[in-house]
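Working notes, beginning with the structure itself.
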Amino acid sequence: MLTFSLAQVSAGAGSVVDYGLMVCCRQLLGFPLFWAIAIGGVVGAIINFTLNRYWTFRSSDPKAGYTSSLKGQLLRFALTVAGSILLKYLGTYALQRYAGVDYKLGKLAADLVVSVLFNYTLQRFWVFRRAPK
């Protein structure tokens, strides 16, 4: 439960940056929704990875017994982020297009679902997986 809570704090920090950049790119710079979500998602993911590696999962500690090196974790994390951005975009787009929900609210809803069900699961059991004892 502690790991889940720490992961949610890390995700929250990344999400604040992600959301702020998305709105800025969309509203101020006029970017298409996909690119606004992608830019915010990448920058938010960098914050999230850093917090998760050094704080939530403490996988930078060689004694912690993780199965992947930094390179392996980065590759797995990048694949997770790509899937996450796509799912968040599709959720946001579907809510906007088919339910008439403003993209800013739709993004919050999509973020919540994707972060808990997709991101946490993959980060916990794939990206920052511990070696069996």
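Residues in the stretch 39-49 that are in contact (Cβ under 8 Å) with a residue 40 or more places away in the chain and surrounded by fewer than 20 Cβ atoms within 10 Å (Cβ to Cβ): Val42 alone. For the stretch 99-120, the criterion of a residue being of a type outside the set (A, V, I, L, M), part of a helix (DSSP H, G or I), farther than 20 Å from Ser10 by Cα and touching a residue at least 60 places away in the same chain (Cβ under 8 Å) is satisfied by at least one position.
In the stretch 56-77, the qualifying residues are those that are surrounded by 14 or more Cβ atoms within 10 Å (Cβ to Cβ) and under 16 Å from the mean Cα position of the chain (by Cα), and the one that is nearest to Arg124 (Cα to Cα) is Phe57. Scan the stretch 1-24 for residues that are farther than 20 Å from Phe77 by Cα and in contact with a Gly (Cβ under 7 Å, 6 or more places away or on another chain) and jot them down. Within the stretch 1-24, Leu21, Met22 qualify.
Residue count for the stretch 50-88, restricted to those that are closer than 17 Å to Ala11 by Cα and either in contact (Cβ under 8 Å) with a residue 40 or more places away in the chain or small (Gly, Ala, Ser) (or both): 18.
In the stretch 16-32, of all residues being assigned to a helix (DSSP H, G or I) and out of contact with any helix residue (DSSP H, G or I) (no Cβ under 6 Å at 6 or more places or on another chain), the one that is surrounded by the fewest Cβ atoms within 10 Å (Cβ to Cβ) corresponds to Leu28.
Scan the stretch 122-133 for residues that are part of a helix (DSSP H, G or I) and exposed (fewer than 13 other Cβ atoms within 10 Å of the Cβ) and jot them down. Of everything in the stretch 122-133, just one residue is part of a helix (DSSP H, G or I) and exposed (fewer than 13 other Cβ atoms within 10 Å of the Cβ), namely Phe125.
Coordinate-derived values only; no laboratory data. Values in this document were obtained by computation on a predicted structure and should not be read as measured data. Using ideal geometry, Cβ is built from the backbone for each residue, glycine included, and neighbour counts are taken over all protein chains shown.
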